[in-house]
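Beneath this line is the structure, given in structure tokens, with notes to follow.
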Amino acid sequence: MAGAAETTAGRLRDGMANGVLSFPLTSFHDDGSLDPEGFRAHAAAQLATGPGAVFPACGTGEFFSLDEDEYRQVVTIAVEEAGGRVPVVAGVGYGWAQAARFARIAEEAGADALLVLPHYLVAAPQEGLVAQLEQLAARTRLPLIAYQRGQVAYTAASLRRIAALPNVIGLKDGHSDLDRLQRLTLAAPEGFLFFNGAATAEIQARAYATVGVPAYSSAVHAFAPEIANTFFAALRAGDDKTLDRLLRDFYVPLVELRDRVPGYAVSLVKAAARLRGRPVGPVRAPLTDPSPADLAELESLLATGLDLVGARP
């Protein structure tokens with residue numbers, strides 16, 4: 001790990017130990033156009049709640065729907081609002097050539113690192129997965145965090161190869177295969193970062209911690225940081241009673257609602273943020289906003305969650 005990458009990894013390690021990882025929502029107007037000031041307000045509100053790091057323009061931030069100019073605006077605003085207080089890790093994706101274009105924009109905007117989202121469409125062998133990171137790493141000075149999810153899943157041998165690249169500093173896991181993940185953590189060099197990136201990661205946070213991966217991203221933080229931060233504190237304190245109550249009465253019902261419709265992992269989060277008065281707007285196609293019935297159920301569930309942590313006015 002090179003010097004600058006090691007410094008960024010250290011900042012991320014400290015942040016991950018002290019707070020959840022925030023993935024802010026990208027704000028759109030009702031006509032689908034980008035709402036920069038809405039995003040600025042949302043990002044500022046997220047940062048005020050003490051996350052360990054902020055990850056703009058990633059999956060929850062609808063990276064896949066942004067053009068390059070919109071992406072530049074989103075990352076720039078996140079960097080400005082963070083003001084150096086926490087690391088800013090921007091999403092990049094598609095094939096390595098397009099990812100490199102986004103990487104240049106993120107570097108110019110002042111991002112500290114990049115989260116490399118799964119490549120577009122095709123399945124690939126391990127040699128190709130490694131080559132994808134090698135090609136991108138050769139084209140950016142920014143540290144990289146690989147994201148294994150969907151069609152991307154590294155073997156221990158491949159993990160050793162990508163971890164040997166000077167600017168690859170970590171792995172986000174979205175598969176929840178703890179056998180595979182344990183093998184990866186054991187294969188990684190000392191100081192390599194891992195974090196739980198499963199959808200609604202709190203559901204599996206205790207299980208991930210048993211294989212040495214206690215850090216996680218939190219979609220709930222995007223609309224209810226009071227709930228997310230209470231869960232994080234209880235997890236760190238080993239307060240199983242609080243964890244079980246939050247899981248049983250809030251997180252599990254949320255996941256059951258999320259699983260009803262493809263894309264609800266993002267659109268429910270946005271809808272919940274709107275219910276709380278956050279200026280995030282609708283999702284962009286091909287995602288769809290929740291149905292009226294599902295929205296009503298979400299509103300009731302949100303009220304329950306806020307009551308559980310004593311945060312409802």
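Values computed for the structure shown
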{"quantity": "Scan of region 176-185 for residues that are touching a helix residue (DSSP H, G or I) at 6+ places or on another chain (Cβ under 8 Å) and farther than 12 Å from V213 by Cβ, ordered by number", "calculated": "R183"}
{"quantity": "Helices (runs of 4 or more DSSP H) completely within region 83-181 that count 3 or more residues being at pLDDT 95 or above and either in contact with a Gly (Cβ under 6 Å, 6 or more places away or on another chain) or over 28 Å from R72 (Cβ atoms) (or both)", "calculated": "126-137, 156-163"}
{"quantity": "Matching option when the condition is modelled with pLDDT of 95 or more and over 21 Å from A201 (Cα atoms), among V266, V280, V252, V261", "calculated": "V280"}
{"quantity": "D177 closer than 22 Å to V122 by Cα, among the acidic types (D, E) and either more than 19 Å from the chain's Cα centre (by Cα) or surrounded by fewer than 23 Cβ atoms within 10 Å (Cβ to Cβ) (or both)", "calculated": "yes"}
{"quantity": "Residue within region 150-161 that is under 30 Å from Y264 (Cβ atoms) and in contact with a strand residue (DSSP E or B) (Cβ under 7 Å, 6 or more places away or on another chain) present", "calculated": "yes"}
{"quantity": "Some residue of region 38-48 being surrounded by 15 or more Cβ atoms within 10 Å (Cβ to Cβ) and under 25 Å from A137 (Cβ atoms)", "calculated": "no"}
{"quantity": "Pick from region 39-56, criterion over 9 Å from the mean Cα position of the chain (by Cα), without any contact (Cβ under 8 Å) to a residue 60 or more places away in the chain and not in a helix (DSSP H, G or I), ranking: nearest to V116 (Cα to Cα)", "calculated": "A53"}
{"quantity": "Leading residue by the ranking (farthest from N229 (Cα to Cα)) among those in region 153-174 that are hydrophobic (A, V, I, L, M, F, W, C) and over 18 Å from the mean Cα position of the chain (by Cα)", "calculated": "A157"}
{"quantity": "Among the candidates A187, A153, A201, A228, residue that is more than 25 Å from A57 (Cβ to Cβ) and either small (G, A, S) or surrounded by fewer than 22 Cβ atoms within 10 Å (Cβ to Cβ) (or both)", "calculated": "A187"}
{"quantity": "Within region 66-106, considering residues that are among the hydroxyl-bearing types (S, T, Y) and surrounded by 18 or more Cβ atoms within 10 Å (Cβ to Cβ), the one nearest to the chain's Cα centre (by Cα)", "calculated": "Y71"}
{"quantity": "Selection status of E134, more than 24 Å from E70 (Cβ to Cβ) and free of Cβ contacts under 8 Å to residues at least 24 places away in the same chain", "calculated": "no"}
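The values are calculated or read from the model by the stated rules, or taken from the named source; none is laboratory data. As the structure is a prediction and not an experimental result, all values here were calculated from the model. Note that we place each Cβ from the backbone using ideal geometry, even for glycine, and neighbour counts take in every protein chain shown.
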